[in-house]
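Scroll down for the structure; my scribbles are underneath it.
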Amino acid sequence: MSSKSARQAAVLDVIRTRRVTSQDQLRQLLGKAGFAVTQATVSRDIRELRLVKVPGAEGVGHYTLPEEWESTTP
C-alpha cells in the first residue's frame, strides 16, 4: 500500500469514527496516526475522496462520505 493510499485509508477511518469539523482537526488526527501532512495535502485528499461537509444537529458541519450522507436524507 503506498503512503498516499495508506493515508487516504486513514482519512476514511478517522471520518467514520469521529465527527471531524475542520481540515485542521483532520490534519492533527492524521498526525496522531503517524501521518505528518500539510493542510494542502488534507484538502487534496478530501477532494480526491469526494468527502462532503454536512450540517450537524448542533449547527457544526462535519465531513462524511457522499453515500453515507445520501442514505440519511429523506
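The values are calculated or read from the model by the stated rules, or taken from the named source; none is laboratory data. Quick caveat, the model's predicted, so the values are computed rather than measured. FYI the Cβ positions are ideal-geometry reconstructions off the backbone, even for glycines, and counts take in every protein chain you see. Accessible surface areas use protein heavy atoms only, side chains included; no ligands, DNA or RNA. Shrake-Rupley method; radii C 1.70, N 1.55, O 1.52, S 1.80 Å.
Among the conditions (1) small (Gly, Ala, Ser); (2) open to solvent by less than 50 Å² (accessible area, probe 1.4 Å); (3) in a loop (DSSP other than H, G, I, E, B), the only one that GLY31 does not satisfy is (3).
In this structure, does SER3 turn out to be at negative phi and open to solvent by 50 Å² or more (accessible area, probe 1.4 Å)? Here the answer is yes, as SER3 does meet what is asked. Inspect all residues belonging to segment 17-38 and state whether any of them is hydroxyl-bearing (Ser, Thr, Tyr), within 16 Å of LYS4 (Cα to Cα), modelled with pLDDT of 95 or more and touching a helix residue (DSSP H, G or I) at 6+ places or on another chain (Cβ under 7 Å). Taking every residue of segment 17-38 in turn, none turns out to be hydroxyl-bearing (Ser, Thr, Tyr), within 16 Å of LYS4 (Cα to Cα), modelled with pLDDT of 95 or more and touching a helix residue (DSSP H, G or I) at 6+ places or on another chain (Cβ under 7 Å). For segment 6-26, residues that are open to solvent by 80 Å² or more (accessible area, probe 1.4 Å) and assigned to a helix (DSSP H, G or I) total 3.
Each residue in segment 52-68 was checked for being part of a loop (DSSP other than H, G, I, E, B) and either over 12 Å from SER22 (Cα atoms) or in contact with a Lys or Arg (Cβ under 7 Å, 6 or more places away or on another chain) (or both), and 7 of them qualify.
Residues of segment 17-53 that are small (Gly, Ala, Ser) and more than 10 Å from the chain's Cα centre (by Cα): GLY31, ALA33, GLY34, ALA36, ALA40.
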